Amino acid sequence: MQSATALLRGNLPAEPNSFIGRERDLAELARLLGDVRALTLSGPGGIGKTRLAIRLARHVIADGAGTSEETEAAEVSGAPGARGARGDLDEAWLVELADWHGQTAQHVAATIGVREEPGVPLAQTLAEALRSRHMLLILDTCEHQVGDCATLVQVLLARCPWLRIVATSREPLRVRGETVWRVPPLELPPEGADGAGLDTHEAVRLFAARAAGARPGFVLTEDNLAPVARLCRTLDGIPLGIELAAARVRALSVEQIADRLRGRFQLLDSGDRTAPLRQQTLRATVDWSYELLDEPEQVLLRRLAVFSGWNLDMAEQVCSDTVSSAGSIPADAVIGLLISLIDKSLVVLDGEAAGDARYRLLDTIREYAAERLAAAGEQSQLALRHRDFILALVEDTTRGMFNRGAPSWPVRRATFRRGIAEYGNFRIALATSLAHAHAEEGLRLCTGLRNMWVPHGDAREAAIWFDRFGTQESEVSPRVRGRALACRAEIAFDLQDYDTLVRSAEDSLALSRAHDDDFTVPAALRVLGQAAARVGRLGDAAAYLDEAITAAEMSGNDWESGITLAVRAAIAVRQGKLKSAQRAYEAALEVLSDNNHWGIATVEYGMGTLARARGDDEMAMRYFEDAVEIFRELDAWPEIARCQAGIGWIAIAGGELDLAQESLAESLRLNQMCGQRLGIARGLEAFAALAVARQQPEQAAQLAGAACQLRDSLGLPTGVGPKVEQVLEFTRERLSAATAAALFAEGREMTVEDATRYALGPQPPLPMPASRGAEALGATGWADQARPDTVGGPRHDEGAVRRAPSLLTPREHEIVLLITQGLSNREIADELVISPATAARHVANILAKLGFTSRTQVASWATRHEARD
């Protein structure tokens, strides 16, 4: 199966049709991206900003797709200049902001897969996660929250040296270092030009391509070429206007289209002249296209503005009428009208989700349709129809996801993925409920969405919506409020907000018990138990959980029963009650066996940790592998990382060092991509243990130091933990106490990205067979924290171990290369985005390690090594 990290290369959508023209624009923009890191494509609606940004991303990522062996080696060392000006980008992400009204950082993080860290500003976590990634980030449609976008862009550019940002906006972001590139219209034939050469101009080529799509067989001829050129000039070369006009060749000749448009544009002379000319032109074109529609087509188009995207069933349910009247649309007419709007380039086919075709409106068309909907007096009615449909969808999904028996897991998984496709509609429905002060419907939506928010790391967004509705002064039934409070407590647990957790859970318990809602009681009790366990009150935790299990069994809440049994088992492991833990896990697996597989995977991961604590690594490996397969089906990256880490530790203990390298590498990369710095620290500890198994004491000590430094920076308990102490004991035996301490200190000086790159770099040949490497870890190997760790094995004299040819860190290798280019400390600092003092300290360390006294000696040494390599 493809690794998770192979899938995390971006999310650029498929292009709906051929990209015509803008060759010179693309070349200029690609060149610009080699020189600037913030590029804003600015211009009016319909000019093609989004399409150009996506095409540009594909262009520059394709340029950097192939790397030679030399480039790969340079990337491992982090050498500046190893990649080309544009070839340094290896992933591109599109963040669509048109329907987003929260913090920009929150939406960017959710799109990329970065999880919020408790107690850390999300922008900081995001910056740390992106710091070492060679990414192109597209922020699309920034104009409605340009200030928040600008703030985030400034933070990311300051902290992520390899990141480039392309924004699309009707106005500049106005941040330092921004280059604003105003997207021009497509190239037009000169006024009065005719005959040969007209068909080479971009606007004419676009019209011809789209007209051929609307009417197969359409070609440019001597008869229609000049009218097409005049029409494109009338439309000012605006791509959306040209596409709308070309879609009409199915029913009208080019001359007829041009005549009708000229009549429409004559109205500009007597209309509002305050808007820029191109905006007036586009508005007139969209007006004209709309007025050519039949009345049912007009009605459907304006009603579709309530969606961020939709499938056929959604359009039939929300946009049709049950009572026949003038202007009404029966449900069975929707598909024909939808096809007609697609043919006229007013609706875009937008791929598939869960086996259903998806559709959307371009932003400019959607804005126009929303204006028409408001003018027709239907806006509130359709918004509530949309909200009610989404609410029913969410609640049906929740009921089908967490019961025993039917539907099957593949159906549930498809339903879950369908839910992910509707995130934009969820937010619209929540906003509608908020605007109408419908707190009950809003809390029902939040409760249903909890199981989509949490697995995808959107706990902060969930908390915001719960709190918005929770503070509204409107009538809410006790059952709805009680269930919402229990869910709010779960969200607080994920955010480590224990005051809110206890308050919400206790209020939920009181409401649920007072109104006989036995189904909600177990969840509130479970969360109170989890909170008690997290702060070390294991006795209280066990009592809460035992009560929750009894309540779940009495109410028939199988999901809560299984999950709570799993939590109870995890606490039993911490208490050293391994037999009790085994029984609880087995009971949980039995209850969840024909339920949601997410729960099964969670239990299997727990059983894997228990098996390791009992010394049964073979069974632990089996559980971790089974769990990771389910988590892959759900794109649950942090959970995959935890399973792969477990597999890696077992592989180290068993001497399967290639498997350990592969598993730990995926785990570390995923934690890095998700911004989970505690996971990164644990990953560096694991790689330090792998270096011990490979008999590489220098690398082991440095990685151990980097792991400790990262833990300290997170405010975790300071000091050297048992795993790191075992690594240091090994390095002291193989080297010396002074050398081990020096290397450990150097590791603490590494940045997170340097340490991660160092851990993931190519491994030198093993100095002994893999079995001997495993022996160096002792018979029991490296185990989970629930099992004592010891490092034993044969000892060697210090001189018997071949030292690495260089003790330089990856960052120091970068600086050596810059020294060979003659750069001063200040120039090195500017190049690497560090302070001159830090650069000077690195240079001093390099001189000390290599035993040199001058930069010339360093340059000479580097040249010799480069020639030898």
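The values are calculated or read from the model by the stated rules, or taken from the named source; none is laboratory data. None of the values given here were measured: they were computed from a predicted structure. With ideal geometry, Cβ positions are generated from the backbone for all residues, glycine too; neighbour counts draw on all protein chains shown. These accessible areas exclude ligands, DNA and RNA; they are computed on the full protein's heavy atoms, side chains included. Shrake-Rupley method; radii C 1.70, N 1.55, O 1.52, S 1.80 Å.
Would you call residue 133 surrounded by fewer than 17 Cβ atoms within 10 Å (Cβ to Cβ) and under 21 Å from the mean Cα position of the chain (by Cα)? No: the conditions fail for residue 133. Annotation: of all residues in the stretch 13-31 being within 25 Å of the chain's Cα centre (by Cα) and within 21 Å of residue 243 (Cβ to Cβ), the one that is modelled with the highest pLDDT is 13.
Just give me the residues in the stretch 639-670 being open to solvent by 20 Å² or more (accessible area, probe 1.4 Å) and within 18 Å of residue 9 (Cβ to Cβ), in sequence order. Within the stretch 639-670, just 669 meets the criteria. The sole residue among 518, 507 that is open to solvent by 60 Å² or more (accessible area, probe 1.4 Å) and either on the phi > 0 side of the Ramachandran plot or modelled with pLDDT of 95 or more (or both) is 507.
For every residue, the table says whether it meets (1) within 30 Å of residue 599 (Cα to Cα); (2) assigned to a loop (DSSP other than H, G, I, E, B); (3) touching a residue at least 24 places away in the same chain (Cβ under 8 Å).
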residue: 371; (1), (2), (3): no, no, no
residue: 384; (1), (2), (3): no, no, yes
residue: 397; (1), (2), (3): yes, no, yes
residue: 411; (1), (2), (3): yes, no, no
residue: 420; (1), (2), (3): yes, no, yes
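In the stretch 627-650, the residues that are closer than 13 Å to residue 670 by Cα form Cβ pairs under 7 Å with partners that are outside any helix (DSSP H, G or I) and open to solvent by 30 Å² or more (accessible area, probe 1.4 Å), at six or more places apart or across chains, as follows: 632/1; 638/115; 638/676.
Residues satisfying the criterion are present in the stretch 172-179 (criterion: farther than 27 Å from residue 641 by Cα, open to solvent by 20 Å² or more (accessible area, probe 1.4 Å), among the charged types (D, E, K, R) and in contact (Cβ under 8 Å) with a residue 24 or more places away in the chain). Close Cβ contacts (under 7 Å, 6 or more residues apart or on different chains) running from residues in the stretch 432-446 that are more than 21 Å from residue 486 (Cα to Cα) to residues that are modelled with pLDDT under 95 and not in a helix (DSSP H, G or I) comprise 437/472; 437/474.
If you go through the stretch 154-169 and pick out every residue that is among the aliphatic types (A, V, I, L, M) and part of a strand (DSSP E or B), you end up with 3.
I'd like to check something: does the stretch 601-616 contain any residue that is open to solvent by 40 Å² or more (accessible area, probe 1.4 Å), closer than 29 Å to residue 129 by Cα and without any contact (Cβ under 8 Å) to a residue 40 or more places away in the chain? Yes. Has the stretch 693-703 got any residue that is of a type in the set (D, E, K, R), free of Cβ contacts under 8 Å to residues at least 60 places away in the same chain and within 23 Å of residue 752 (Cβ to Cβ)? No, the stretch 693-703 contains no residue that is of a type in the set (D, E, K, R), free of Cβ contacts under 8 Å to residues at least 60 places away in the same chain and within 23 Å of residue 752 (Cβ to Cβ). Between 210, 159, which is more than 23 Å from residue 461 (Cα to Cα) and either surrounded by fewer than 20 Cβ atoms within 10 Å (Cβ to Cβ) or out of contact with any helix residue (DSSP H, G or I) (no Cβ under 8 Å at 6 or more places or on another chain) (or both)? Sole residue among the options that is more than 23 Å from residue 461 (Cα to Cα) and either surrounded by fewer than 20 Cβ atoms within 10 Å (Cβ to Cβ) or out of contact with any helix residue (DSSP H, G or I) (no Cβ under 8 Å at 6 or more places or on another chain) (or both): 159. Among the candidates 241, 237, which residue alone is open to solvent by less than 40 Å² (accessible area, probe 1.4 Å), part of a loop (DSSP other than H, G, I, E, B), of a type in the set (Gly, Ala, Ser) and under 29 Å from residue 53 (Cα atoms)? Selected residue: 237, the only one of 241, 237 that is open to solvent by less than 40 Å² (accessible area, probe 1.4 Å), part of a loop (DSSP other than H, G, I, E, B), of a type in the set (Gly, Ala, Ser) and under 29 Å from residue 53 (Cα atoms). For the stretch 807-827, the set of residues classified as assigned to a helix (DSSP H, G or I) and either in contact with a Pro (Cβ under 8 Å, 6 or more places away or on another chain) or surrounded by fewer than 19 Cβ atoms within 10 Å (Cβ to Cβ) (or both) consists of 814, 817, 818, 820, 825, 826, 827, listed by residue number.
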